[in-house]
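Only one structure is covered here, and it is reproduced in the block below.
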Amino acid sequence: MPSDRHYISYTPSLLLFGKTDFPSKHVPKPIKMSLTRQSLSTIPLSYASCSIGCPPSHKQNLPLPFRLAALSKAGFTGIELSMPDLVTFANEHFKRNDIDNHSFDSLCSAAAVVKTLCDEHGLTIMLLQPFANFEGWPADSPERRDAFSRAEGWLNIMEACGCEMLQIGSTDTPAEKIGTDRARFVSDLREIADMAGERGKKIAYENWCWSTHAPGWEDVWDICEKVGRGNFGLCLDTFQSAGGEWGDPSTGSGVVEGGEGREEVAKRWQQSCQRLSETIPPEKIFLLQISDAYKPEQPFANEADENGMRPRARWSSAWRPLPFEGYLPVVDFAKAVLRTGFRGWFSYEIFDGGIDGQGKEYQLEDWAKAARECQRKLVDACVEG
């Protein structure tokens, strides 16, 4: 993580990859940071590989190397490498069609090739994603064995591509399968943090706003404190928090309802942002993912669909444009994160299927440039004074 004179690190380096407990009572309170233009000038910029060229028509015609070239040309310096992209690239590169997300030997070989491509374009593979449905499976269940087998395989891939960070999304496996005992979730996450720490890797835990047990930033922060490992931190996300606490695709207004007025929702949202700024030390935020959301033309049914996707999961998949093109209070959340003193990766994860979610045509290089310009606009909006 780059630093400037406005960045303060609270975690002793000896804790970063060790098994030392990190109890909350020993975490110093963050110092509220001023958001000057100079202090925001060195934020590193990344883009999720799965979310550029994402419509099916583009996926078929624009393989991963073309997307890497476009991002590099636009001025991005990092990527989140998506497992589906790696699987597709492996099959294309090795001229096969039998490599899947458990073909770890082949995926490691492909990851090494992707690293070479990224090196040629001046791109860092800063994160591997999305590692899903990991925590909470019953002891000795085949699902739990698979989860830890996947963890080992993904860590091997990270070694092959020189990536230091694994993103884990808070699971959306139904409660009837995994229960609601947070202590078990914490235990599993502590175990994978120790697996990663032995290799010098980090875990970035993200609240998915449709998660079974940890949909909010305060949920994942509580879990992070309980995991108590220096290499276990947070992946915060403008969509996941603003779209979980403020927005709702299943209401006519597009905003959380349920007996509360719009002003009360806005007040609670501002209070949440302030608590975040005053609670989380900056070194426990490993990255901030950036996207907005469209208000759906018709409210979503407030129930899981035939594929088991909850309303906010469906919303996330195709209604997430660049900031300022939707209606979520993205700037509020970005400011809250920056006020902690965080000056690490801003990473764009955009799933823009248009206002109807059906797909949107665009030129790849123009899109990458638009995202880079959007970052400048976002920084401008965050500057205070």
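The values are calculated or read from the model by the stated rules, or taken from the named source; none is laboratory data. Remember, predicted model here, so these are calculated numbers, not experimental data. Quick reminder, even Gly has a Cβ in these numbers, built from the backbone with ideal geometry, and neighbours come from all protein chains shown. Ligands, DNA and RNA are excluded from the accessible area calculation, which covers all protein heavy atoms including side chains. Shrake-Rupley method; radii C 1.70, N 1.55, O 1.52, S 1.80 Å.
If the condition is being open to solvent by 10 Å² or more (accessible area, probe 1.4 Å) and free of Cβ contacts under 8 Å to residues at least 40 places away in the same chain, then region 319-329 contributes 325, 326.
Residues that are buried (at least 22 other Cβ atoms within 10 Å of the Cβ) and over 21 Å from residue 235 (Cα atoms) within region 136-164 comprise just one, 137.
Tell me, please, whether a residue that is at pLDDT 95 or above, open to solvent by less than 20 Å² (accessible area, probe 1.4 Å) and under 24 Å from residue 345 (Cα atoms) can be found in region 86-102. Yes, region 86-102 contains at least one residue that is at pLDDT 95 or above, open to solvent by less than 20 Å² (accessible area, probe 1.4 Å) and under 24 Å from residue 345 (Cα atoms). How many residues does region 334-358 hold that are out of contact with any helix residue (DSSP H, G or I) (no Cβ under 6 Å at 6 or more places or on another chain), within 18 Å of residue 51 (Cβ to Cβ) and among the hydrophobic types (A, V, I, L, M, F, W, C)? The total comes to 3. The residue that is farthest from the chain's Cα centre (by Cα), among those in region 267-288 that are over 29 Å from residue 173 (Cβ atoms) and surrounded by fewer than 15 Cβ atoms within 10 Å (Cβ to Cβ), is 267. Among the criteria (1) at pLDDT 95 or above; (2) open to solvent by less than 50 Å² (accessible area, probe 1.4 Å); (3) under 25 Å from residue 130 (Cα atoms), the one residue 364 does not fulfil is (1).
Per the conditions (1) closer than 17 Å to residue 350 by Cα; (2) open to solvent by less than 10 Å² (accessible area, probe 1.4 Å); (3) over 17 Å from the mean Cα position of the chain (by Cα); (4) not small (Gly, Ala, Ser), the sole criterion not satisfied by residue 239 is (3). Among the residues of region 289-309, is there at least one that is under 14 Å from the mean Cα position of the chain (by Cα), under 20 Å from residue 219 (Cβ atoms) and among the hydrophobic types (A, V, I, L, M, F, W, C)? Scanning region 289-309 turns up no residue that is under 14 Å from the mean Cα position of the chain (by Cα), under 20 Å from residue 219 (Cβ atoms) and among the hydrophobic types (A, V, I, L, M, F, W, C).
Within region 107-119, residues that are more than 20 Å from residue 152 (Cβ to Cβ) reach partners that are of a type in the set (A, V, I, L, M) and open to solvent by less than 40 Å² (accessible area, probe 1.4 Å) with beta carbons closer than 8 Å, at six or more positions or on different chains, in the pairs 117/64; 117/68; 118/68; 118/79; 118/125. In the list 167, 129, which residue meets the criterion of being out of contact with any helix residue (DSSP H, G or I) (no Cβ under 8 Å at 6 or more places or on another chain), buried (at least 18 other Cβ atoms within 10 Å of the Cβ) and either part of a loop (DSSP other than H, G, I, E, B) or touching a residue at least 40 places away in the same chain (Cβ under 8 Å) (or both)? The unique qualifying residue is 167. Just one of the listed residues (157, 192) is among the β-branched types (Val, Ile, Thr), in contact with a helix residue (DSSP H, G or I) (Cβ under 7 Å, 6 or more places away or on another chain) and closer than 30 Å to residue 69 by Cβ, namely 157. Going residue by residue through region 201-208, is there one that turns out to be among the hydroxyl-bearing types (Ser, Thr, Tyr), outside any helix (DSSP H, G or I), free of Cβ contacts under 8 Å to residues at least 60 places away in the same chain and open to solvent by less than 60 Å² (accessible area, probe 1.4 Å)? Yes, the conditions are met somewhere in region 201-208. Please determine whether any residue of region 372-384 is open to solvent by 30 Å² or more (accessible area, probe 1.4 Å), in contact (Cβ under 8 Å) with a residue 40 or more places away in the chain and assigned to a strand (DSSP E or B). No, region 372-384 has no match at all. Close Cβ contacts (under 7 Å, 6 or more residues apart or on different chains) running from residues in region 262-274 that are within 12 Å of residue 218 (Cβ to Cβ) to residues that are at pLDDT 95 or above and surrounded by 15 or more Cβ atoms within 10 Å (Cβ to Cβ) comprise 272/245; 273/332; 273/333; 273/336.
Would you point out the residue of region 170-193, among those that are touching a strand residue (DSSP E or B) at 6+ places or on another chain (Cβ under 9 Å) and in contact (Cβ under 8 Å) with a residue 40 or more places away in the chain, that is surrounded by the fewest Cβ atoms within 10 Å (Cβ to Cβ)? Selected residue: 190.
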